[in-house]
Amino acid sequence: MGRPRRNNNQFTWVIKNFSTLQSEIIYSDEFVIGDCNWRLMAYPNGDRIRNYLSLYLDVADSKYLPCGWRRHIKLHMSVENQVFEELSHRKVKNKWLDRKTSAAGFLTMIPHSKLFDEQGFVVNGEVIVVVKIDVFEVIGKVNIIEVPDARSSEEESDTESEEASSPVKKTKLNDNGNNSNDLHNRTKQVKGSMDINGFQVLPSQAETVKRIFEKHPDMALEFRAKNHHLRTACMNVLLSLIETLCQSPQELSEEDLVEADNALAYVKDAGFKVDWLEKKLEEVKEKKEEEQNGEIQIQELELELRDFKQKCSDTESQLEKKKAKVLAARASLTLDDFV
């Protein structure tokens, strides 16, 4: 449905004849970003909540992936304003995908009131969706044998250079589910990580982890794992949970909150003392509930307002007719009416 275009880690989906689509759900062509197969799903009239465009990114080959597969991504999704680019409607989400949750996106990506009423979102019947995917980690994948094309040594050199500079961490599992490149990954991790209170973290994570320990110095006093790989994995789950809770209630889905509960249980079971984080999660849940209830009330009030405006318009029309009749009745007779 529509014309897809791909550029590096960005994919553009042009949905044609959007205003007349009858399908409840539509799919883009499959595409590859970060050595993973993806596709986009759209609900033109909303998924569970009506009068919205719902958009999701789906792992296209999830049913063929090995047990235990996971994808850690940052999803940037945009409904483009084709007249004023700066008015494009954008949302961002950090997400772990797995067999239980193989899709990520936004239930209320953009309301119909904005999509159809504001200039630039639907042009010549077309809606343009742009998705950018930052793939941080890939665990478990389908092995695909590709026949290389004949190309110049310069192109091969460029490709090797791009692969060497890629920030994606690819983890290949052997038949036992273990990392077949453990020694290489361990060496790479030691060189590219920093030690913060006994946890190996990336330089980009260091400041955040320092702030956490400064504010909650007793957080890891009962942490049980000694293996630095397990310690790093638990810390990454904790950081991903915090990043998830920093999103706005509108961006968070019910599935996100279920995952947040699971992540919280995981880090607590590992020995982290995170009562402070548990309170924040409850606050976010309350805000999400308020946001959902408010959204429903807004829709109800909008319907009431529309009916009220229509009633006012009808009443105004009747008023004008009555005024015209009264003015006609007040008109004096002239001599012409008699002679």
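The values are calculated or read from the model by the stated rules, or taken from the named source; none is laboratory data. Keep in mind it's a predicted model, so treat the numbers as computed, not measured. Reconstructed Cβ throughout: ideal geometry from the backbone, glycine too, with neighbour counts over all protein chains shown. Ligands, DNA and RNA are excluded from the accessible area calculation, which covers all protein heavy atoms including side chains. Shrake-Rupley method; radii C 1.70, N 1.55, O 1.52, S 1.80 Å.
Quick notes
- Size descriptor, Kirkwood hydrodynamic radius, that averages inverse alpha-carbon separations across region 194-329, Å: 18.9
- Eligible lysines near K321 by straight Cα distance, threshold 30 Å, same-chain separation 8 or greater: K309, K311
- Spin-label model distance (nm) - H228 vs Q82, 7 Å beyond Cα toward Cβ: 5.4
- Karplus-derived 3J(HN,Hα), 6.51/-1.76/1.60, for each residue of region 109-122, Hz, glycine and proline x: 4, 7, x, 4, 4, 7, 4, 9, 8, 8, 5, x, 7, 10
- Of all lysines in the structure, those lying under 30 Å Cα to Cα from K285, and not within fewer than 8 positions of it along the same chain, are K74, K91, K93, K95, K100, K114, K132, K210, K215, K268, K273.
- Amide hydrogen neighbours beyond the local backbone of Y52, cut-off 5 Å, H modeled: G46, H112
- Less than 5 angstrom separates the built amide H of K141 from those of L173, all sequence-distant by 5 or more or on a different chain.
- Of the residues E254, E214, E295, the one with the largest accessible area comes first in the ranking E214, E254, E295, computed with a 1.4 Å probe on protein heavy atoms.
- Solvent accessible area, Å² - R39, 1.4 Å probe, full protein context: 70
- Relative to one another, the C-alpha centroids of region 75-111 and region 261-309 are positioned 19 Å apart.
- Derived scalar couplings ³J(HN,Hα) [region 67-80; Karplus, 6.51 cos²θ - 1.76 cosθ + 1.60; whole Hz; x for Gly, Pro]: 4, x, 5, 8, 9, 10, 9, 10, 9, 10, 10, 9, 9, 6
- For region 10-139, accessible area per residue (1.4 Å probe, heavy atoms of protein chains only), Å²: 44
- Charging the Cβ of each Asp and Glu at -1 and of each Lys and Arg at +1, and nothing else, the dipole of region 194-329 about its Cα centre rounds to 380 debye.
- Neighbours of Y64, meaning other residues whose beta-carbon lies under 13 angstrom from its beta-carbon, give a summed charge of +1 when Lys and Arg score +1 and Asp and Glu score -1.
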